[in-house]
Amino acid sequence: MIRVRTSSRAARFVGRAGATAALVGLFGGLASGCRRDGPATVQAAAVPSSFKSGECRSCHEDIYKAWSVSHHALAHRPVDAKADEDALRIPRNFAAHGVDYRAEWKDDRPLFGEKRVAASPAENYVADFVLGHTPLRQYIVPIGGGRYQAAELAFDPIRKEWFNVFGDERRQPGEWGHWRGRGMNWNSMCAHCHMTDFRKNYDPVADIYATTWQEHGVGCSQCHANLPASHLDPNRKPAAAKASLTAADLKRAAETCAPCHARNELLTGGLQPGANYHDHYRLTLPTEASVFYQDGQVRDEDFNYTSLLTSRMGGKAGVTCLDCHDSHSGKTRLPASDNMICLQCHGPSPRDNAPIIDPLAHSHHKADSTGNQCVTCHMPTTVYMQRDPRHDHGFTKPDPLLTKDLGIPNACNRCHSDQTTDWAIAHTNSWYGAKMESRQRQRTRVVAAAQAGAADAAAKLLEFIASEEVPAWRATLLLLSRNYAAGDPRVVAAAREGLKHADALVRSAAVQVLAGLPGEAATIRPMLNDPARLVRLDAAWPLSAELPANSSVRQELDVYLAASADQPAGRMRIGQDHFNRGRGAEAEAALRKATEWDPYSPGLHDTLGIVLNELGKPGEAAAALWRAAQLNPTDAQSAFNAALAFAGARKIPDAELALRETVRRNPRFDRAWYNLGLLCAQSNRAAEAITALETAEKIAPGVADYPYARATILWQRGDRAAATAAARRTLEIDPAHAPARALLQP
């Protein structure tokens, strides 16, 4: 039987206790997430403690007027003949991205048709609701089972034209992200931030919804639901206005904005205004290059809160949403065009030791130019959904050198698109000199190195973790250190120190680092009593198998798992939890359901394959892992995992195919070359085996296994001199290597 060595990635899934930490943790961008009984039925149910916005008007007329025309108030509404007249009054036929569409108002409702293949009939559907106001409106379509879907077809009320919000992406029906897929399910992905007092009410057995809400749009009770009942008494006397908001008030207000203005994951399945953010949400941090750029700039649709917390303004100086925005109108408190919004802190009378900045001298641009506006350079815009430009709230410094070295966009070349990056580098160096070699630049390089898996990244990560003053960045750097924790006790020490940090993001990151390591259960266990639910859940995940069924933390974990049970990633986590608790059949069923719901996700197939392998089903495991590798055609590790599984299932030709695919994807994957050498040797192809092993040894000259394997093959071929030399090379690397020493015995 072929003796293929496992990688650390696969080995971490061995055993129930060990597998708990290894299985994918509590990550993801899932939202909580309608039942098709008709709008009137759905709207009828309301939570008794809530109230409708109209009830506030008599006492708060000015606030009500400002709110009533805001994006919050207009975030969601039923379709309406007058309000949708500009889009649907005249029937329109048009094509976009290979699909023929028709949109019209017919029989007192909006009717849509789409034809994807010329010879096929058009699919017709109606919409019940409208999501958004400007710069685009999406139409929400009922599809049965209480489900509503956000259609890909959207209307631009400024240009008065229809367009596809995905462009050329998400074109394949059956994909998770296709408009009929779970990635565009209104109940799960949209409604909780566009409705007031929304309750998803998902039935995980029947896979249907019985959704309720109080009112369309973001109404008063969505942010003020914690008001005492006496506040709604029509006979009450108005309370005296509060003199000023404290720092705690502002932080709590920002945490009320954050649930819907952040890329995050719901921990409890609903919005909780006024509550501690980390009791109900997991904030997405800039650990993945596909989500945020390495300097923290937004890349994917990341919204604002992470950026604010990673900035020195939000993460260190305590700047919050309300410093710049009016909470009811949504407008900025001061203009951005003349920089007054920024000069309220950075002007001649600075606030909280903020540096004084003269925009004209600082920007090196003319007074009336966009280049002299602070937001142009420090809050660049990215367009999402084809028509929606949004400002980055990370307040980063434009750094063209990072564009040249790492491909990170910079504000200079965003405006001066006709100029080269070197041109921008020359100007920034001339204007700002040594200031360009900032902590931001240095940290960005450390993040990029860690994401690339550089062997020397651990030391720099530890240096920056120790000195990082912004908690969100400290947490990010800790999370990036996970891949180095098993081989570097300094990382373990840094994580243990992080458990004591005042910020829940840092404690959460520290727990996640330690959760992947054997022997750290005792260190993690006290965190089950952490004041933040986020941290308690992170501690509960690797300890899941030992949690008593009636314990509060087990119940919290079950609530968390149920919150996303209608999404593939949520079902995956349920499967992982079952597996970690020794419930193999239930684990397999949940993971197979996840892959059924999202058949094109490599991560789901990978997790299913690893669990199947642990359940003693190597053939099925290999098929799942190979499917994961096919879906991720540039990832060498996934192909290597499949190779190991094929070998375990005694499918040797398939194992060789997967190993050769691994080294094709990554010619420097030394362990794959090593396993390929062993396979060739056991197939009596000694020359190929030696070539593969020599390749592995050249890539990783410090690994004793490689020359020793070569020595055994040479010995079997009768080449004693070469075998002896290879064995001696093994002992140079590892003097305690007993098999090599035995081979040299006369």
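Throughout, read-outs are computed from the coordinates displayed, never taken from laboratory work. These numbers were taken from a predicted model, which means no experiment stands behind them. Cβ sites come from the backbone with ideal geometry, for glycine too, and all protein chains shown count toward neighbours.
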Theoretical ellipticity at 222 nm over the chain - DSSP helices of four or more residues, -39500 (n - 2.57) apiece, nearest 500: -12500 deg cm²/dmol
Furthest towards positive pole of dipole, 277, 246, 733, structure part the chain, Cβ charges: 733
Residue-span extension gain [residue 100 to residue 417] - 0.36 nm each, minus C-alpha spacing: 110.7 nm
Net lengthening on full extension, residue 244/residue 555 (0.36 nm per residue, minus Cα-Cα): 108.0 nm
Positive-end residue, the chain charge dipole about Cα centroid, Cβ charges, pick of 227, 395, 126: 395
Lys/Arg +1, Asp/Glu -1 at C-beta; segment 39-225 dipole; positive extreme among 213, 154, 191: 154
Lysine pairs in segment 39-225 with Cα atoms under 24 Å, if 8 or more residues apart or on separate chains: 9
Local electrostatic count at residue 391 - Lys and Arg +1, Asp and Glu -1, tallied over other residues with Cβ under 13 Å: -1
23 Å Cα-Cα reach of residue 435 towards lysines, excluding residues that sit fewer than 8 places from it in its own chain: 316, 366, 397, 404, 460
Order by protection proxy (mean Cβ within 10 Å, highest first), peptides 246-259, 288-301: 288-301, 246-259
Rough spin-label spacing in nm, given labels placed 7 Å along Cα→Cβ, for residue 65 and residue 525: 6.3
Exposure proxy ranking, count of Cβ atoms within 10 Å, fewest first, for 209, 277: 277, 209
Packing-based order for 411-422, 675-686, 598-609, using average beta carbon neighbours within 10 Å, highest first: 598-609, 675-686, 411-422
For 656, 469, 161, order by how many other beta-carbon atoms lie within 10 Å, fewest first: 469, 161, 656
Net length gained if the chain between residue 83 and residue 596 were fully extended (0.36 nm per residue, minus Cα distance): 180.8 nm
In Å, descending, principal axis extents of the Cα set of segment 492-554: 33, 25, 13
Residue order, fewest to most surrounding Cβ atoms within 10 angstrom, among 158, 610: 158, 610
The chain, dipole about Cα centre (Lys/Arg Cβ +1, Asp/Glu Cβ -1), debye to the nearest 20: 1280
Karplus 3J(HN,Hα) series, Hz, for segment 352-357 with 6.51 cos²θ - 1.76 cosθ + 1.60 (x for Gly, Pro): 6, 6, 5, x, 6, 10
Computed over segment 39-225, the ratio Rg/Rh where both radii use C-alpha atoms and Rh is Kirkwood: 0.99
